[in-house]
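The values are calculated or read from the model by the stated rules, or taken from the named source; none is laboratory data. Quick caveat, the model's predicted, so the values are computed rather than measured. Here Cβ is always computed from backbone atoms with ideal geometry, including for glycine, and neighbour counts include all displayed protein chains.
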Amino acid sequence: MEYQTILEFLGPCGINCQKCFAFKNGNIKKESEKLKNSLGSFDIYAKRFNELLDAPVFNKYPDFKEMLDYFASGNCLGCRKQECHLFKACNVRVCHKEKSVDFCFQCNDFPCNNSGFDVHLEQRWVVINQKMKEIGVEEYYNEIKDKPRY
């Protein structure tokens with residue numbers, strides 16, 4: 001895939017925005033919309049299946065539907081076009097613009113203490129950027145493009 005196109009999917013931190021549940025054109029949103037359409041008015045049947053099948057799991061359908069609705073409502077355009085919807089303390093977007101780099105590993109200060117990430121995400125951020133530096137952005141993207149983000 002072309003480098004410029006990859007930039008549309010990978011945030012400056014290297015995380016794949018395309019696989020995020022909040023991404024407007026991502027798989028999670030698309031698949032959630034498809035499942036919502038396939039289920040139609042399943043609410044009515046969930047109550048009946050609970051009784052007919054003696055399956056209390058159907059009592060949980062309202063919670064499942066609420067989560068599915070949430071996943072289907074993703075509207076983020078990606079970290080290069082707007083602030084991240086998930087990591088409110090993220091400083092990477094602003095920093096990458098100031099430093100005029102596409103990815104953190106391209107900065108002379110990487111790794112730094114300015115990401116704003118929690119310990120878990122910071123570890124992941126470092127590993128991702130080290131991998132991109134080692135094998136290249138295109139190869140890294142090809143390795144992860146079909147893998148789930150979570």
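Listing for the model above:
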{"item": "Filter result (assigned to a loop (DSSP other than H, G, I, E, B) and within 15 Å of Gly11 (Cα to Cα)) within region 97-135", "result": "Ser100, Val101, Asp102, Phe103, Cys107, Ser115, Gly116, Phe117"}
{"item": "Helices (runs of 4 or more DSSP H) within region 1-56 that include 3 or more residues of a type in the set (A, V, I, L, M, F, W, C) and under 20 Å from Val101 (Cβ atoms)", "result": "3-9"}
{"item": "Test set (1) farther than 26 Å from Trp125 by Cβ; (2) at pLDDT below 95 - Asn27 fails condition number", "result": "(1)"}
{"item": "Inter-residue pairs, beta-carbon under 6 Å, first touching a residue at least 12 places away in the same chain (Cβ under 8 Å) and in region 135-146, second basic (Lys, Arg), 6+ apart", "result": "Tyr140/Lys131"}
{"item": "Subset of region 52-64 [surrounded by fewer than 16 Cβ atoms within 10 Å (Cβ to Cβ) and closer than 19 Å to Ser41 by Cβ]", "result": "Leu52, Leu53, Ala55, Val57, Asn59, Lys60, Pro62, Asp63, Phe64"}
{"item": "Top-ranked residue in region 69-98 [being charged (D, E, K, R) and touching a helix residue (DSSP H, G or I) at 6+ places or on another chain (Cβ under 8 Å); ranked as surrounded by the most Cβ atoms within 10 Å (Cβ to Cβ)]", "result": "Arg80"}
